[in-house]
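Report on one structure; see the data block that follows.
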Amino acid sequence: MKDFRESFPITEHVIYLNTANHSPPSTHVKKAIQDFLLDWDNLQRRGDYKVDLANNSFAKLIGSDSDEIACQPNTSRGLSTIASSIDFRNGENVIVNELENWANIYPWTLQRKKGVEVRIVDATDGAILLEDIEKMIDDRTKVVSISQVQWLTGARHELRSLSDLCHDYGAYLVVDGIQAAGALKVDIRKEDVDFYACGSYKWLLGPSGAGFLYAKKEHLPNLTPLEVGYRAVVENSLKEPLLHKTAKKLEFGEPSYLSFVGTLESIVHIIRLGTDRIERQIISLAQRLYDGLSSLDVKLVSPEEPRLRSGVISFTANNPEHIYNKLTDAGYVLSLRPAGIRVSTGFFNTMDEIDSLIEDVARLVG
Ligand SMILES: Cc1ncc(COP(=O)(O)O)c(C=O)c1O
């Protein structure tokens, strides 16, 4: 991991614990983007080729086939594309929960105009429990949509039992993966997820402007995109364009090539390092932080149960804004969110950085 830390120059002058907000730029990503620009000067832009490679690398990362991946500009657009491509009927329902990022709320509440009911599950100890979804699901449930890792509490949801539950009721499991993919091992076949949307700029360690949407092959014929762009079309027509049979049918116009070039590079590095190894490092840093904060006068917002935790640990205390400002002045990069101070442990972070944060928080809370 040490040489990978060196490829994040930001780590030399701050303690960067904010990947849940935005990944820091690595030298690999910057170089790939610069090389692409130089190629462009030489009229060798090859943007579509790079986007295809990025799609393939994301497929490899999550264990899907390449033709189940559509490029998207971000997570919001991926979730929205799925929501608007599903054939909802009056009286059906969608289950979301109170912890979701708005990116995973609006695509579903918009379906109310088709007569779809949106059911909201309450959280328990910062997480969403399977049994609470079980109480709400019924034969009219079309979709359960959930983040694999919650953005505010860092709760990590086990997907296989959830997909089993959904499939028992004939519902799709849609997953917002932006706080998980790249940090935690994702095995889309094992989890049996139906749709998975992810953006580039957090744990995938890319620049913003790229994203991926996984759509399980068997569902592709049942999806009717609300909007059609030329990338989705295999044969143009003024009457009825013929769409690709693959997930490409969910693509639109020209993607941000620079974003995909950078993201391709970062995913290749993630795969080379190994997602098992990355996950182990991220979780052990987060565990150390959780244990350290547990002995202080702070309230942990992240779940107590280790199996429900990820690399995102949030806590609050008296006057969290004051603590956040002091930590920022001391050189930490963190996030202040409605739930408290959010710390995210990247694989490039060290135990020393975590110990120093615990000490500084201890001083501040007395
Ligand atoms: C869980 C979650 N979903 C979605 C988003 C928004 O993602 P995007 O900007 O890729 O649409 C965020 C951003 O913070 C997030 O944390």
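The values are calculated or read from the model by the stated rules, or taken from the named source; none is laboratory data. From a predicted model like this one, the values you see are computed outputs, not experimental measurements. Heads up, the Cβs are rebuilt from the backbone with ideal geometry, glycines too, and the neighbour counts pull from every protein chain shown. Please note that ligands, DNA and RNA were not included when accessible areas were found on the heavy atoms of the full protein model with its side chains. Shrake-Rupley method; radii C 1.70, N 1.55, O 1.52, S 1.80 Å.
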Sulfur and carbon atoms: percent of accessible area, the range 30-132 [1.4 Å]: 49
Cleavage-rule hits, trypsin sites (Lys or Arg not before Pro), the range 226-330, DSSP coil, Cβ neighbours within 10 Å at most 14: LYS239, LYS245
For the range 1-73 versus the range 214-286, the gap between their alpha-carbon centres in whole angstrom: 14
Cα gyration tensor, the range 259-330 - rounded (a/c under 1.5), prolate or oblate: oblate
Among ASN319, ASN74, ASN93, residue whose mean-square fluctuation peaks in a GNM of the chain (springs only between Cα atoms under 10 Å): ASN319
The chain - percent relative contact order, Cα under 8 Å, separation 6 or more: 23
Summed residue charge, Cβ within 14 Å of SER284's Cβ, Lys/Arg positive, Asp/Glu negative: -2
Size of electric dipole in the range 45-151: Cβ of Lys, Arg +1 and of Asp, Glu -1, about Cα centre, debye, nearest 20: 640
Charge dipole (the range 75-221, unit charges on Cβ, about Cα centre) - positive-most of ILE133, ILE95, ALA123: ILE95
In nm, spacing of pseudo-spin labels at ASN319 and LEU242 (7 Å Cα→C-beta vector): 7.0
Shape of the range 59-167, Cα gyration tensor, a/c cut at 1.5: rounded
Computed helical MRE - 222 nm, the chain, DSSP H runs ≥ 4 contributing -39500 (n - 2.57), nearest 500: -11000 deg cm²/dmol
Positive-end extreme of charge dipole, the range 283-366 - chosen from ALA339, ASN318, SER356 (charges on Cβ): ALA339
Relative contact order (%) - criterion: Cα under 8 Å, at least six apart; region: the range 1-157: 17
Unit Cα scatterers, Debye sum, the chain: log10 I(q)/I(0) for q = 0.11 Å⁻¹: -0.76
Dipole moment magnitude, nearest 20 debye, the chain about Cα centre, only Lys, Arg, Asp, Glu C-beta charged: 620
Packing rank of 75-86, 329-340, where each peptide gets the mean count of other beta carbons within 10 Å, highest leading: 75-86, 329-340
The range 180-263: GluC sites (Glu not before Pro) falling in loop per DSSP and having at most 11 other Cβ within 10 Å: GLU227
Neighbour net charge for ARG45 - beta-carbon separation under 15 angstrom, K R +1, D E -1: -4
Anisotropy class of the range 179-323 from Cα gyration tensor, a/c 1.5 cut: prolate
Per residue solvent-accessible surface (Å²) - the chain, probe of 1.4 Å: 44
List HIS167, HIS322, HIS269, ordered by accessible area with a 1.4 Å probe, largest first: HIS322, HIS167, HIS269
Size of electric dipole in the range 187-305: Cβ of Lys, Arg +1 and of Asp, Glu -1, about Cα centre, debye, nearest 20: 340
Heavy atoms of CYS166 accessible to a 1.4 Å probe, total area in Å² rounded to 10: 0
Loop sites in the range 277-328: GluC sites (Glu not before Pro), DSSP, at most 16 other Cβ within 10 Å: GLU304
The range 119-189: relative contact order in percent, alpha carbon pairs under 8 Å with at least 6 residues between: 33
Carbon + sulfur, % of accessible area of the range 289-366 - ligands and nucleic acids excluded, 1.4 Å: 47
